[in-house]
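Undergrad: The structure is given below, and queries will be raised subsequently.
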Amino acid sequence: MAGDGTQRRERLPQDAHFDVVIVGGGINGISVYRELSLQGVKVLLVEKEDFCSKASAALSRMIHGGLRYLENGEFALVRESLAERNRLLVNAPHYVQPLVTTIPIFSRWSGLFYALFNFTGLMDKPSRRGALVIKLGLWFYDFFTRRDQRLPKHRFFSQSETAARWPQFDSAVACSADYYDAWISAPERLAMEVLSDTGDQSSSLACNYTELLARDGQRFTLRDTLTGETSTISADKLVNATGAWVDQTNDRLGLASGYLQGTKGSHIIVRHSELLAELNGHMVFYENPEGRVCILFPYYGNVLIGSTDIPVADLDAVTCTGEEIDYMLDSLKAVFPALVIEREDIVYQFSGVRPLPSVKTSTTGQIPRSHALRVDSTEDGQVRLYSLIGGKWTTFRAFGEEVADQILSDMAHTRRISTADRPIGGGRDFPQTDIERKAFTKAAHAQYALSEARAEMLLQRYGTQCLAVMAYLSAGEDTVLTSLPAYTRRELMYLIEHEAVCRTLDVLQRRTSVAIQGQIDNQVLAEVTELVAATLGWNEQQTKQDLAESCRQLQLHHGLAVSTEQVEQIWTTSFSGGNYVYQ
């Protein structure tokens, strides 16, 4: 991976040949990169922004089978998703944990006829699912995992039991059901760990902030989007993993395609102690009267609420709108009518485009969520082009495996490593019990002179890869950040130096969970920008440019009231002489 500007210029390949080039550094492109690299294939991955920064960063933070996909007849997808969910619980236990989910049910029979006729297209207007439909779906959930039942089976609760367990539920709730799925605490961090899991294949290379600019036969021009510098490489196989931008990318490569359509999904993070207490660790999976599914669950001491499903025309102008926020807050009133959530309670918002297949349906909810691979040749016949259609976080490994196996077959190359049971990053040798965790933190305390509480926090953030972080922390003088006392300067320096950080938001939004925890303000932005600038050796102009771009993105896409003027004022008052980097 590439780091700061100097490292990037040294690492950007010049006149190199690769077996496969992957365009798009979301989770599916990263998964293909891992799968091929582990088989000894020389791979180049390029991402024009940061790794995992578009749709792959806008997920609902769920790792799930897709209960509602059963209505569309996507049984194979649900079966695969449940199997991959169970694998992630084992292979990435540091980030993926069980999540008990409660469904408030308003009737016993509602939605039955829609579920029956949806397959034939005789009914195209969804309605709330009743107890019978939900019972059938949960039965399938349990049936599909009967040979690998890692989580408890579903349970139903009567109206009186539901009222006792959920006193804030609307009185119209007739009963409820509990079932288990999973949630992911740090998807962007898991993506970085997948990206670094290439075995002994040192010839593979992944570059963020690198754009595939043009193609001439089997030669491709790359451009560093930060410096403007270009380089040329060659390959005869190219994987298009650009998500909702697949057709645009294909067109630039010389192939007209109409594979994708996009729908926007938006989420909000709210700070609301009463709602958080009511959830008591559960996710609530509920429906609006028109049948659109929404969710809410505890997330880092706040509550995540989502999501919308709206057709998108301009892929590059996606934001969480006021209308969507109103929709989510209004829908919540149907379940928790007495709880009042104000706009001021929102501490973060985000939106992304789902890369769904281009099919005609009456509603966005009926668009298939399954993934597919399309294999073509460019119009001049010189490049084999593999386009990834659809895909979701839960199934990234299976999708990557499918694409890699097709490429390996085309190369007459034998697979030598399976990732099905391969631990990911900090999930390797992760302590599973309280006794094991205590022993791990005590050992870390003794070896690295960290408090056991600090060692536990680092274990939670990085899994067993925290040992590398701890070694770095102990190698120099360290101080706690004033604006983020849960972090230290050297911890963030480790991430900047080792994880291809090129901008401040790479740290705040993707190498850590600071942003989605609702912790960004002008003080945080000032201190972390200064640290990134000092570590990467920026001058004053580079620092100000990065700050301006951070403020623009945080205001436009995440609803945060940050200001370049206020951050610069903090620099002036906090750092001697108004310096933008430490001397």
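The values are calculated or read from the model by the stated rules, or taken from the named source; none is laboratory data. All values derive from a computational prediction rather than experimental measurement. FYI the Cβ positions are ideal-geometry reconstructions off the backbone, even for glycines, and counts take in every protein chain you see.
Undergrad: Could you list all residues from region 385-439 that are surrounded by 19 or more Cβ atoms within 10 Å (Cβ to Cβ) and basic (Lys, Arg)?
TA: Within region 385-439, 392, 397 qualify.
Undergrad: Could you identify the single residue in 176, 231, 204 that is of a type in the set (S, T, N, Q) and assigned by TED's automatic domain parsing to the domain that holds residue 340?
TA: None of the others qualify; the one that does is 176.
Undergrad: Among the residues of region 493-526, how many are in a helix (DSSP H, G or I) and either free of Cβ contacts under 8 Å to residues at least 60 places away in the same chain or under 18 Å from residue 537 (Cβ atoms) (or both)?
TA: 15
Undergrad: Out of (1) modelled with pLDDT of 95 or more; (2) in contact with an Asp or Glu (Cβ under 8 Å, 6 or more places away or on another chain); (3) aliphatic (A, V, I, L, M), what's the single condition that is false for residue 255?
TA: Here residue 255 meets the rest and fails (1).
Undergrad: While we're here: So how many residues does region 260-300 have that are within 18 Å of residue 173 (Cβ to Cβ) and of a type in the set (S, T, N, Q)?
TA: Residues in region 260-300 being within 18 Å of residue 173 (Cβ to Cβ) and of a type in the set (S, T, N, Q): 2 in total.
Undergrad: Taking residue 222 and the conditions (1) at pLDDT below 95; (2) outside the structural domain of residue 130 (by TED's automatic domain parsing), which numbered condition does it fall short on, given that it satisfies the others?
TA: (1)
Undergrad: Any idea which of 398, 404 is within 14 Å of residue 81 (Cα to Cα), aliphatic (A, V, I, L, M) and either in the same structural domain as residue 43 (by TED's automatic domain parsing) or not in a loop (DSSP other than H, G, I, E, B) (or both)?
TA: It is 398.
Undergrad: Of the residues 339, 260, only one is touching a helix residue (DSSP H, G or I) at 6+ places or on another chain (Cβ under 6 Å) and surrounded by fewer than 23 Cβ atoms within 10 Å (Cβ to Cβ); which?
TA: None of the others qualify; the one that does is 339.
So that you can scan it fast, the table gives a plain yes or no per residue for (1) of a type in the set (Phe, Trp, Tyr); (2) farther than 17 Å from residue 186 by Cα; (3) buried (at least 19 other Cβ atoms within 10 Å of the Cβ):
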{"residue": "493", "(1), (2), (3)": "no, yes, yes"}
{"residue": "503", "(1), (2), (3)": "no, yes, yes"}
{"residue": "511", "(1), (2), (3)": "no, no, yes"}
{"residue": "515", "(1), (2), (3)": "no, no, yes"}
{"residue": "518", "(1), (2), (3)": "no, no, yes"}
{"residue": "528", "(1), (2), (3)": "no, yes, yes"}
{"residue": "534", "(1), (2), (3)": "no, yes, no"}
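Undergrad: What are the pairs, 6+ residues apart or on separate chains, where a residue within region 369-393 that is on the phi > 0 side of the Ramachandran plot has its Cβ under 7 Å from a residue that is of a type outside the set (Val, Ile, Thr) and at pLDDT 90 or above?
TA: Every condition considered, the pairs that remain are 390/372; 391/28; 391/399.
Undergrad: Examine region 559-578 for a residue that is aromatic (Phe, Trp, Tyr), outside any helix (DSSP H, G or I) and over 23 Å from residue 61 (Cα atoms), and state whether such a residue exists.
TA: Yes, that holds for at least one residue.
Undergrad: Considering only residues that are modelled with pLDDT of 90 or more, of a type in the set (S, T, N, Q) and part of a loop (DSSP other than H, G, I, E, B), which ones fall in region 315-374?
TA: The answer is 319, 321.
Undergrad: Restricted to region 102-143, and to residues that are buried (at least 19 other Cβ atoms within 10 Å of the Cβ) and among the hydrophobic types (A, V, I, L, M, F, W, C), which residue is modelled with the lowest pLDDT?
TA: 115
Undergrad: Given the criteria surrounded by fewer than 19 Cβ atoms within 10 Å (Cβ to Cβ) and in contact (Cβ under 8 Å) with a residue 24 or more places away in the chain, does residue 464 qualify?
TA: Criteria met by residue 464.
Undergrad: Same structure again: Which residue is surrounded by the fewest Cβ atoms within 10 Å (Cβ to Cβ), if the candidates are limited to region 214-232 and must be under 19 Å from residue 50 (Cβ atoms) and more than 26 Å from the chain's Cα centre (by Cα)?
TA: Checked region 214-232; the qualifying residue surrounded by the fewest Cβ atoms within 10 Å (Cβ to Cβ) is 228.
Undergrad: Is it the case that residue 16 is under 29 Å from residue 261 (Cβ atoms), of a type in the set (Gly, Ala, Ser) and at pLDDT 90 or above?
TA: Criteria not met by residue 16.
Undergrad: With the condition kept exactly as written, say whether any residue in region 178-198 is more than 26 Å from the chain's Cα centre (by Cα) and either on the phi > 0 side of the Ramachandran plot or not aliphatic (A, V, I, L, M) (or both).
TA: No, every residue in region 178-198 fails to be more than 26 Å from the chain's Cα centre (by Cα) and either on the phi > 0 side of the Ramachandran plot or not aliphatic (A, V, I, L, M) (or both).
Undergrad: Here is a follow-up. Those residues that are free of Cβ contacts under 8 Å to residues at least 40 places away in the same chain and not hydroxyl-bearing (Ser, Thr, Tyr), I need them from region 406-417; list them, please.
TA: Of everything in region 406-417, those that are free of Cβ contacts under 8 Å to residues at least 40 places away in the same chain and not hydroxyl-bearing (Ser, Thr, Tyr) turn out to be 406, 412.
Undergrad: Then there is this: Considering only region 554-583, state which residues are under 16 Å from residue 518 (Cβ atoms) and either surrounded by 13 or more Cβ atoms within 10 Å (Cβ to Cβ) or at pLDDT below 90 (or both).
TA: Listed by number, the residues that qualify are 554, 555, 557, 558, 559, 560, 562.
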